[in-house]
Amino acid sequence: MLKDFCLRLARSRYAFAPRGIGTSSFRLYQALMAGTIPIVSGMTEYPFSNTVNWKDFCIINEKQSKYDFN
């Protein structure tokens, strides 16, 4: 099952990366490793945000409160 997921992700152009339990998303990192464009929602903190402009290579949903159920 994991192998199938990885193959499908690698063939995709975009990948959803919703925030997980914490402030980040492991799906974001999976999408980046697979070479897809992550569609990020719900994240409030981005690693290395002082040096990395995440908007350069991610689609970021800035209306996160609409989807934030916490």
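The values are calculated or read from the model by the stated rules, or taken from the named source; none is laboratory data. This is a predicted model, so every value here is computed, not measured. A quick note on method: Cβ atoms are made from the backbone with ideal geometry, for glycine too, and the neighbour counts reach across all protein chains shown. Just so you know, the surface numbers come from the protein's heavy atoms only, side chains and all, with ligands and any DNA or RNA stripped out. Shrake-Rupley method; radii C 1.70, N 1.55, O 1.52, S 1.80 Å.
Taken over region 33-52, the criterion of being open to solvent by 80 Å² or more (accessible area, probe 1.4 Å), at pLDDT 90 or above and more than 12 Å from the chain's Cα centre (by Cα) is satisfied by Asn50, Thr51. If you go through region 1-32 and keep only what is surrounded by 15 or more Cβ atoms within 10 Å (Cβ to Cβ) and either part of a helix (DSSP H, G or I) or touching a strand residue (DSSP E or B) at 6+ places or on another chain (Cβ under 8 Å) (or both), you end up with Leu9, Ala15, Phe16, Ala17, Pro18, Arg19, Ser25, Arg27, Leu28, Gln30, Ala31, Leu32.
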